[in-house]
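One structure below.
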Amino acid sequence: MKALVTGGAGFIGSSVVDAYLERGLAVVVVDDLSRGAIENLNPRAKLYQIDIRDAAALEHLFETERPEIVNHHAAQMDVRRAVHEPVYDAEVNVIGSIHLLNCAVRFGVRRFIYASTAGAAYGEPASNPVAESHPINPITPYGISKHTVEHYLFAYLALYGLSYVVLRYGNVYGPRQSSRGEAGVVAIFCEQMLQGTRPKIYGDGGKTRDYVYVSDVARANLLALERGDREIFNIGCGLPTTDYEIFLKVRSALGSKTIEPTHVDKRPGEIDHVFLDVSKAREILGWAAKVPLDQGIPWSAAYFRQRLAERLVGPGPQAPRSMSAGGRRGSR
């Protein structure tokens, strides 16, 4: 079976690529490398450097490769950029996704797995934990664009019979995460502390999110290959964690006991509190998060410490690419 993973050189997408290859799938990757990194890419995957807004290039790829599975992770994911450039955000996240859906229908894709967002789509929840049935009230263009594709998936099922699974992620963290963008708070805190910089917390530090380790997310994408047809699933730990708690856990993992954060004004469009009801994923997908924060953050911290050392002195021996072995990987 052949899978096409869009955004497959990115943080989450590259972990999905690794998981699919380990399962025995042939994997083709689409990534324009605007945020993804070539060093994240598994050498057993075939890369097409394509912008998903380029319909002609996508059609040529589908005609050539004939994937049976599309796993769609490519996105404009910067909430602040979406606020300032909503047209660009919609072009990538909505129009680009429609190009992929059209190709999936035309070339007989068996299943379309879509990486959506939880917190940005639900808006400020009426109550927590938030189930998939909670009203969708996004307060940013990013949340709007990511959720809009879910409606297109439902329509393409009704019109063309395209099977799909939607995975609404909480705050994913772990090795390969980029510190470019506000979503990667674990990566940002790790890099700042390793450089001796005081991390910046927006607001009083009491904002809560639902954090989930990247290997757990990759496993959900494996299960979605065969389960959960026509369903939407929250993917998270089901627990709230404050920004300040994340700061303390990263500080402890790095042994940076004297560093204190700086507090600045809360950013517009940010949700105060959200964590997820993940019972549906447990019941239908057979999925539950396995990696607790007290394990995942030290793994992440070790990765960022190693990456900084490699930048200073050059890479050492390659480690396995498995994301379960202390969160380490080879090729950096």
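The values are calculated or read from the model by the stated rules, or taken from the named source; none is laboratory data. From a predicted model like this one, the values you see are computed outputs, not experimental measurements. Positions of Cβ are generated from backbone atoms using ideal geometry, with glycine treated the same way; all protein chains shown enter the neighbour counts.
Miscellaneous remarks
- Residues in region 193-222 that are in contact with a Lys or Arg (Cβ under 7 Å, 6 or more places away or on another chain) and not acidic (Asp, Glu): 193, 194, 202, 203, 222.
- Flag: residue 104 does not match the condition of being at pLDDT 95 or above, assigned to a loop (DSSP other than H, G, I, E, B) and touching a Leu at 6+ places or on another chain (Cβ under 9 Å).
- Test: residue in region 204-212 that is within 13 Å of the chain's Cα centre (by Cα), closer than 27 Å to residue 21 by Cβ, in contact (Cβ under 8 Å) with a residue 40 or more places away in the chain and not in a helix (DSSP H, G or I): yes
- Every residue from region 253-267 that is within 29 Å of residue 124 (Cβ to Cβ) and either over 22 Å from the mean Cα position of the chain (by Cα) or crowded, with 17+ Cβ neighbours inside 10 Å (or both): 260, 261, 262, 263, 264, 265, 266
- On the stretch given as region 1-29, residues that are touching a Gly at 6+ places or on another chain (Cβ under 7 Å) and of a type in the set (Gly, Ala, Ser) total 5.
- Hits in region 85-125 - residues which are in contact with a Ser or Thr (Cβ under 8 Å, 6 or more places away or on another chain), over 21 Å from residue 12 (Cβ atoms) and crowded, with 18+ Cβ neighbours inside 10 Å: 90
- Counting the residues of region 262-315 that are of a type in the set (Asp, Glu), over 26 Å from residue 221 (Cα atoms) and not in a loop (DSSP other than H, G, I, E, B) gives 1.
- Taken over region 1-31, the residue count meeting the criterion of being of a type in the set (Gly, Ala, Ser), part of a loop (DSSP other than H, G, I, E, B) and in contact with a strand residue (DSSP E or B) (Cβ under 8 Å, 6 or more places away or on another chain) is 3.
- Region 170-195 - residue that is part of a helix (DSSP H, G or I) and aliphatic (A, V, I, L, M) and, of those, surrounded by the fewest Cβ atoms within 10 Å (Cβ to Cβ): 194
- Residues in region 280-304 that are over 12 Å from residue 237 (Cβ atoms), surrounded by fewer than 17 Cβ atoms within 10 Å (Cβ to Cβ) and touching a residue at least 24 places away in the same chain (Cβ under 8 Å): 284, 286.
- Which numbered condition residue 234 misses (of (1) assigned to a strand (DSSP E or B); (2) modelled with pLDDT of 95 or more; (3) surrounded by fewer than 21 Cβ atoms within 10 Å (Cβ to Cβ); (4) not hydrophobic (A, V, I, L, M, F, W, C)): (3)
- Checked against (1) farther than 16 Å from residue 165 by Cβ; (2) out of contact with any Cys (no Cβ under 9 Å at 6 or more places or on another chain), residue 73 passes all but condition (1).
- Candidate set from region 34-62 (those that are surrounded by fewer than 15 Cβ atoms within 10 Å (Cβ to Cβ), farther than 17 Å from residue 2 by Cβ and touching a Leu at 6+ places or on another chain (Cβ under 9 Å)); member that is modelled with the highest pLDDT: 49
- Selected residue [within 18 Å of the chain's Cα centre (by Cα) and either at positive phi or not aromatic (Phe, Trp, Tyr) (or both)] from 37, 26, 45: 37
- Flag for residue 13 being at pLDDT 95 or above and on the phi > 0 side of the Ramachandran plot: no
- Region 135-169 - residue that is part of a loop (DSSP other than H, G, I, E, B) and modelled with pLDDT of 95 or more and, of those, farthest from residue 247 (Cα to Cα): 161
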